[in-house]
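The values are calculated or read from the model by the stated rules, or taken from the named source; none is laboratory data. Since the structure is predicted, the reported quantities are computational estimates derived from the model, not experimental observations. All Cβ positions, glycine included, derive from the backbone under ideal geometry; neighbour counts span all protein chains shown. When the accessible area is computed, the model is the full protein with side chains, heavy atoms only, and any ligands, DNA or RNA have been set aside. Shrake-Rupley method; radii C 1.70, N 1.55, O 1.52, S 1.80 Å.
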Amino acid sequence: MTAADFIPPHANLDKLRAAARDCRGCELWEPATQTVFSAGPATAPIVLVGEQPGDQEDRQGAPFVGPAGQLLVKAVDEAGIPHDQIYRTNVVKHFRFTQAAPGKRRIHQTPELRHMTACKPWLVEELRIVDPELIVCLGAVASKALLGPSIRVTKDRGTLMERETTLGPRQFLVTLHPSSVLRTPGDKRDEAYAALVADLRVAASALTG
Ligand code: URA
Ligand code: SF4
């Protein structure tokens with residue numbers, strides 16, 4: 001079973017979001033609170049793709065509302081991209097975590113390839129509906145899911161890449177995940193954040209409108 005079994009044909013974004021609430025395409029739905037779908041308008045020329053919702057996103061039901069999301073919003077602002085130009089989503093739509101005991105802190109666990117494969121049909125449909133000019137992959141999970149296993153964030157970040165997609169040729173950009181900026185040790189963190197902002201400026205400059 002994958003998410004494909006739950007996707008209504010020819011859906012718009014609202015229908016897709018509603019259908020995703022009941023997805024059982026892999027086992028991640030069960031311990032999680034809810035499906036975390038996307039945020040932002042279907043008219044956005046830029047799609048930002050993250051990894052999976054975190055603890056806060058799982059509780060609130062919206063992507064990028066926790067610490068990493070707040071850092072991302074700040075970086076998007078600093079890069080001069082208006083928020084209505086951005087659609088935010090994730091490769092995997094349920095929070096994967098480990099927990100020592102009920103009530104203990106939930107610790108993020110990177111999704112496995114089978115979770116990404118199971119969940120990707122949602123993202124493919126989102127990209128079909130939004131049909132952006134540019135897709136920004138935040139971190140290794142999104143980059144590999146969209147551009148293949150040979151992508152390396154440190155090596156490939158910050159350069160526009162044109163790739164053939166089912167929608168025709170589209171531009172892609174790889175950058176750091178905001179969580180990895182937050183995890184960067186003290187003296188190097190400003191540098192990592194500046195790299196994220198610089199990459200988002202490249203994204204802004206790629207828009208034709
Ligand atoms: N990290 C992500 O990749 N996505 C979110 O929605 C939040 C944190
Ligand atoms: Fe469905 Fe994706 Fe959630 Fe798995 S992670 S149940 S495929 S929405």
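Structure data summary
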| read-out | value |
| --- | --- |
| Within region 107-130, considering residues that are open to solvent by 70 Å² or more (accessible area, probe 1.4 Å), farther than 22 Å from residue 5 by Cβ and of a type outside the set (A, V, I, L, M), the one farthest from ligand 1 (Cβ to nearest atom) | 110 |
| Members of region 40-51 found to be open to solvent by less than 20 Å² (accessible area, probe 1.4 Å) and either within 16 Å of ligand 2 (Cβ to nearest atom) or not in a loop (DSSP other than H, G, I, E, B) (or both), listed by number | 46, 47, 48, 49, 50 |
| Counted residues, region 10-39 - those being part of a loop (DSSP other than H, G, I, E, B) and either modelled with pLDDT under 95 or of a type in the set (Gly, Ala, Ser) (or both) | 5 |
| Failed condition for residue 63, given (1) free of Cβ contacts under 8 Å to residues at least 40 places away in the same chain; (2) not in a loop (DSSP other than H, G, I, E, B) | (2) |
| Region 188-203 - residue that is open to solvent by 30 Å² or more (accessible area, probe 1.4 Å) and small (Gly, Ala, Ser) and, of those, nearest to residue 175 (Cα to Cα) | 198 |
| Among the candidates 208, 159, residue that is among the hydroxyl-bearing types (Ser, Thr, Tyr), in a loop (DSSP other than H, G, I, E, B) and at pLDDT 95 or above | 159 |
| Residue within region 94-103 that is among the aliphatic types (A, V, I, L, M) and under 19 Å from the mean Cα position of the chain (by Cα) present | no |
| Pairs, first over 13 Å from residue 92 (Cα atoms) in region 134-151, second among the charged types (D, E, K, R) and within 16 Å of ligand 2 (Cβ to nearest atom), C-beta under 7 Å, six or more apart | 139/51 |
| Single residue of 74, 15 found to be within 16 Å of ligand 1 (Cβ to nearest atom) and charged (D, E, K, R) | 74 |
| Odd one out for residue 24 among (1) under 29 Å from residue 174 (Cβ atoms); (2) within 14 Å of ligand 2 (Cβ to nearest atom); (3) among the charged types (D, E, K, R); (4) surrounded by fewer than 18 Cβ atoms within 10 Å (Cβ to Cβ) | (1) |
| Residue that is nearest to ligand 2 (Cβ to nearest atom) [pool: residues in region 63-109 that are under 20 Å from residue 126 (Cβ atoms) and of a type in the set (Lys, Arg)] | 93 |
| Residues located in region 162-188, provided they are among the β-branched types (Val, Ile, Thr) and within 24 Å of residue 71 (Cβ to Cβ) | 174, 175, 181, 184 |
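Okay, residues lined up against (1) over 15 Å from the mean Cα position of the chain (by Cα); (2) surrounded by fewer than 22 Cβ atoms within 10 Å (Cβ to Cβ); (3) among the acidic types (Asp, Glu):
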position	(1), (2), (3)
1	yes, yes, no
14	yes, yes, yes
37	no, no, no
59	yes, yes, no
81	yes, yes, no
